[in-house]
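For reference, the structure discussed in these notes is given below.
The values are calculated or read from the model by the stated rules, or taken from the named source; none is laboratory data. A quick note: this is a predicted structure, and the numbers were derived from the prediction, not measured. FYI the Cβ positions are ideal-geometry reconstructions off the backbone, even for glycines, and counts take in every protein chain you see.
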Amino acid sequence: MLSLSAIRFFLQAALRSSELTMSLFSFEHSKRAMMADFVFYGFSIATLLLFLCLHCAAKDGLSAGIFVFAGCLSANVMEYCLHRFVLHQLTPFRDWHLRHHAQPKALMGTPTIASAALIFLLVALPAYLCLALYQALALTLGTVLGYFLYSLTHHAVHQWHGENRWLRTRKSWHALHHHVNPARHFGVSSVIWDYMFGTA
């Protein structure tokens, strides 16, 4: 079990890292801070995958895969719900998000320290306390992977130029949210929940 000192060390290290590149509550990022976010989550995915491979018996592979899928799915549902119900309805988040709508090319996003702390406190820690170790690792891996895919997709939609069909489709969908009706088209990495909940 993780000790309190280990948790404190992790959070202090993450805080020091975050303070080097951006203010704790700044949603505007430098290119360096944005890249640090992608590197942090890429490293986290690789580390979680390594630990999952070390702690998952071959007979539990299917179960681990189901937990990874469940983590990805839950991250995708959280993406939709947070965007719709928090970023568009709750102050101060709504005000921060309106800045993003006003400046869609600006590098804005959740600070790494905040997203990592939320994933740790809301997913990793409860999973660790309630599930077998390999299941907790798999669920956390899926959630981190889902968040990383959302973050990368949102960045690509606003910053990348290309003729890739997938990117054009995501850009068109997100442009509907930004420029036609901000009360619709909340999904960034997926359209499933918009269709399911009538916001397509």
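Annotations for the structure displayed:
- Considering residues of region 72-110 that are more than 20 Å from LYS171 (Cα to Cα), of a type outside the set (A, V, I, L, M) and in contact with a helix residue (DSSP H, G or I) (Cβ under 7 Å, 6 or more places away or on another chain) only, the residue modelled with the lowest pLDDT: PHE93
- Region 112-123, residues that are surrounded by 14 or more Cβ atoms within 10 Å (Cβ to Cβ) and more than 11 Å from the chain's Cα centre (by Cα): ILE113, ALA117, PHE120, VAL123
- Sole residue being assigned to a helix (DSSP H, G or I), at pLDDT 95 or above and either aromatic (Phe, Trp, Tyr) or farther than 23 Å from GLN159 by Cβ (or both), chosen from PHE38, PHE69: PHE69
- Some residue of region 170-191 being crowded, with 21+ Cβ neighbours inside 10 Å and β-branched (Val, Ile, Thr): yes
- Here THR91, THR110, THR153 are screened, and the one residue that is polar (S, T, N, Q) and in a helix (DSSP H, G or I) is THR153.
- The condition of being modelled with pLDDT under 95 and in a helix (DSSP H, G or I) does not hold for PHE51.
- Some residue of region 121-128 being hydrophobic (A, V, I, L, M, F, W, C), in contact with a Ser or Thr (Cβ under 9 Å, 6 or more places away or on another chain), under 21 Å from VAL188 (Cβ atoms) and at pLDDT below 90: no
- Of all the residues in region 122-148, those that are closer than 30 Å to GLN103 by Cβ and without any contact (Cβ under 8 Å) to a residue 60 or more places away in the chain number 1.
- Checked against the criterion of being buried (at least 17 other Cβ atoms within 10 Å of the Cβ), under 14 Å from the mean Cα position of the chain (by Cα) and not charged (D, E, K, R), the candidates HIS88, HIS97, HIS83 yield just one match: HIS83.
- Residue within region 147-161 that is crowded, with 21+ Cβ neighbours inside 10 Å, under 30 Å from LEU52 (Cα atoms) and either touching a Leu at 6+ places or on another chain (Cβ under 7 Å) or among the small types (Gly, Ala, Ser) (or both) present: yes
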